[in-house]
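Novice: Please see the structure below; I have some questions.
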Amino acid sequence: MLSDLGKVIDLADRLLGEIARMVEVAAAPTVDVVGNILQKIKPLRDAEISAADGVVGHILVVDDNLSNRDLLMRRLGREGYRVTAAECGISTLALTAAEDFDLVLLDLIMPDLSGFEVLCRLKAQESTRHIPVIMISALDELDTTVRCIAAGAEDYLPKPFNPVLLRARISACLEKKTVARRVARREGTF
């Protein structure tokens, strides 16, 4: 998808270049106008690429284990994500009600509300059902994985997780959300 976006951007650049040449031949004063347009498009193009590339994103990391939270926060922070942490299900629900998140990494086993209960509550609320959730758990059981996916989780990763796989799953979730947001904007539903 990112390569397709790059092709579209390149074609748009070429089209604008042709328009600039046509305007230059027709009337010299408008060349500055086209040049200004081209200068304004470049930052927008660069922002679109980094958003589609997954470099930008606000991720909520939920785990009752401090060392697990800290490890994920440091790793995601180094990759350019904005990261917030929660230590339990109740604080997760409070944070998602108060802030916008692009993704939630949610531990399954927690002391107050289980990750599964939190997932079900997030998916039941209109204001949070659009947030992708990746479950992360020491339980590596097929039944648990199926149950979480059926309840609305985007993915399920067993602990200890492979960092490359985690990065790929996060990027895929954020890219999917970006595409859905663009479609909703085009249709006027966002």
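Novice: Could you grab the pairs with beta carbons closer than 6 Å, sequence gap of 6+ or different chains, first residue in the stretch 91-116 and more than 18 Å from Leu76 (Cα to Cα), second one of a type in the set (Ser, Thr, Tyr) and assigned to a loop (DSSP other than H, G, I, E, B)?
Specialist: Correct list of pairs: Thr96/Thr128.
Novice: Please enumerate the residues belonging to the stretch 74-87 that are farther than 18 Å from Asn162 by Cβ and assigned to a helix (DSSP H, G or I).
Specialist: The answer is Gly77, and nothing else.
Novice: Taking the condition under 18 Å from the mean Cα position of the chain (by Cα) and either acidic (Asp, Glu) or at negative phi (or both), does Arg186 pass?
Specialist: On the way: under 18 Å from the mean Cα position of the chain (by Cα): no; either acidic (Asp, Glu) or at negative phi (or both): yes.
No, not satisfied.
Novice: May I pose another question? Any residue in the stretch 148-168 that's in the same structural domain as His130 (by TED's automatic domain parsing): show its pairings with residues that are small (Gly, Ala, Ser) and assigned to a loop (DSSP other than H, G, I, E, B) at Cβ separation under 9 Å, as long as the two are six or more apart or on different chains.
Specialist: So the pair list comes out as Pro158/Ala138; Lys159/Ala138; Pro160/Ala138; Arg167/Gly54.
Here's the yes/no breakdown for (1) loosely packed, with under 13 Cβ neighbours inside 10 Å; (2) among the charged types (D, E, K, R):
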residue	(1), (2)
Arg129	yes, yes
Ile134	no, no
Arg147	no, yes
Gly152	no, no
Asn162	yes, no
Lys177	no, yes
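Novice: Where residues in the stretch 118-127 are surrounded by 15 or more Cβ atoms within 10 Å (Cβ to Cβ) and either in contact with a Lys or Arg (Cβ under 9 Å, 6 or more places away or on another chain) or acidic (Asp, Glu) (or both), which of them is nearest to Ser91 (Cα to Cα)?
Specialist: Leu122
Novice: Now a separate question. Kindly indicate which of Glu79, Glu99 is over 23 Å from Thr145 (Cα atoms) and touching a Ser or Thr at 6+ places or on another chain (Cβ under 8 Å).
Specialist: Working: Glu79 fails: touching a Ser or Thr at 6+ places or on another chain (Cβ under 8 Å).
Just a single option satisfies the conditions, and that option is Glu99.
The values are calculated or read from the model by the stated rules, or taken from the named source; none is laboratory data. Quick caveat: nothing in here was measured; it's all calculated off a predicted structure. All Cβ positions, glycine included, derive from the backbone under ideal geometry; neighbour counts span all protein chains shown.
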